[in-house]
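Only the coordinates and a few stated rules stand behind these numbers; no lab work does. None of these values were measured; they are calculated from a predicted model. Note that each Cβ is placed from the backbone with ideal geometry, even for glycine, and that neighbours are counted across all protein chains shown.
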Amino acid sequence: MSARRENTGPSAVGEEVKMRMLLQVRIPHKQFNAAVRDGTVGPKVNRILEETKPQAVYFTEYNGQRGAIMIVDVEDPSRVPTLAEPWFLMFSADVEFHIVMTPDDLKRAGLDALGKKWS
């Protein structure tokens, strides 16, 4: 089994690098309301969260629609469907992924050198 480390730059052979992503979910009223009414919303949401194991999750609204914001680690692009499909299939939700960085990640980005290179 390979060692896991935070994404600190190019990976050494055999190491897994995880990329932190912000996953935004917009859930249509019709499907969510139906799950609320038939009592399945809790088990459905819990199943998705147990399967996807987000670092953090917050429920909110987007332009008047129900939504969720999750922070997830993506070790491999092939994992994206395992994070998005449950929301698509359970709630016909829209899902977006955005790469995010911590302040430490941004410090390691080399912005000063990039600014000099591209000025």
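So here's what we get for this one:
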{"quantity": "Nearest-20 debye value, the chain charge dipole, Cβ charges on Lys, Arg, Asp, Glu", "calculated": "200"}
{"quantity": "Segment 42-62 and segment 89-119: distance between their alpha carbon centers, rounded to Å", "calculated": "23"}
{"quantity": "Choice from V72, V25, V36 showing the highest fluctuation, given a GNM over the chain with Cα pairs closer than 10 Å", "calculated": "V36"}
{"quantity": "Semi-axes of the equivalent ellipsoid for segment 8-119, Cα gyration tensor, largest first, Å", "calculated": "34, 17, 11"}
